Structures are given as C-alpha cells and as structure tokens.
Amino acid sequence: MKKIVASLLSLSLVLSASVSALAAEPAKSLKAPQKAASANDPYEPNDDPAFAPYINSNTSYTAAIDHNRDADFFNFYAKPGDFTLAFSRLSASKHTFNILVRKQGETKGETIKSQFGIKGNTTLSVNIPEEGRYYIYIVSSDAAFDTTPINPMPYTFKAFFNQ
C-alpha cells in the first residue's frame, strides 16, 4: 500500500510539473502574420487590418515603420461625425509617410481621406459618413522602393472622435 501511495505521489508530481511547463508556454495564434513583434513598435505585427489593434479617442499611440515593406494598420469603430488624426514624426528620416483613413469592406476598403508625402507633423480632418469599422493605414511608400535597409521611422498619433 505504501508503494502504491508513493508511486501515485511521484506520478502526481511529474504530471503537475508537466502541466506547469505547458501553462508557462505562450499561446500561439492560428492566424500568425508574417512578421514578429518589434522592439521599436509594440503594436507589431499589425501589417493587415485583421491583426491591427483597436484605438481609442484622445489616446496617444507610438509606433514605427521598421523596415522597407512595413505597413501599420490601426482599427477603430466610428459613428457619423468628425474624426481628427494628429500625426507627429519622431525621426528625421528622408523618407515620407502616407496616411489613409479607410472604411473596412470586403476588400481592403474604401478610402475616406488620404495624405501623401508627409515630411513633418500633420493633422487629418475626416468626415465619417456612416457608422462602421474603419482603419488608419500608415506606410512609407518611398521606403518600400528603397533597396537599402532603412532605419526605423518612429511616429506618434492621437485620434479624436467627435460623434
């Protein structure tokens, strides 16, 4: 009887250690995108609206275009009304930014407002036409065609919803 109890205790300890080891391993996404998280951009991977974080009004977000083909998406839900995006560059890179605000649809969505070739700070004022899911698309199109690796291009933005 003592041997059975000792064996059961040993088995219990082994199983407990195995379960603890499995619980410590992070869960893996079944829809893992092509890019891992970046030290410069806590929102990566966000290269597609399906993986983009949702943003809140009057909250600052700091991210970065980390490599030539990087694109950043940020989702938001809006009702008809005014939407303002205050965007600030945090680097002196020669590359420019493009920002598009789009309504989500079956494809990549309909562009509501866009601004291209941004070299400094800017503000986009957008009239949201109807209630629904939208996203902000931030990219450096000239860096995408650059054959040399780029330095990360950090930026910050704050969105304001007046609905």
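The values are calculated or read from the model by the stated rules, or taken from the named source; none is laboratory data. None of these values were measured; they are calculated from a predicted model. Neighbour counts run over all protein chains shown; Cβ positions are idealised from the backbone, glycine included. SASA here: full protein model, heavy atoms, side chains in, ligands and nucleic acids out. Shrake-Rupley method; radii C 1.70, N 1.55, O 1.52, S 1.80 Å.
Tabulated data for the structure shown
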{"quantity": "Among (1) farther than 15 Å from residue 141 by Cα; (2) at pLDDT 95 or above; (3) among the small types (Gly, Ala, Ser), the one test that residue 105 misses", "calculated": "(2)"}
{"quantity": "Residue match in the stretch 85-93 (condition: in a strand (DSSP E or B) and at positive phi)", "calculated": "no"}
{"quantity": "Total residues in the stretch 128-148, condition under 12 Å from residue 65 (Cβ atoms) and either open to solvent by 40 Å² or more (accessible area, probe 1.4 Å) or in contact with a strand residue (DSSP E or B) (Cβ under 7 Å, 6 or more places away or on another chain) (or both)", "calculated": "7"}
{"quantity": "Residue check, residue 111 outside any loop (DSSP other than H, G, I, E, B), more than 17 Å from the chain's Cα centre (by Cα) and farther than 18 Å from residue 61 by Cα", "calculated": "yes"}
{"quantity": "Whichever residue in the stretch 82-122 is open to solvent by less than 30 Å² (accessible area, probe 1.4 Å) and of a type in the set (Phe, Trp, Tyr) and, among such residues, is nearest to residue 67 (Cα to Cα)", "calculated": "97"}
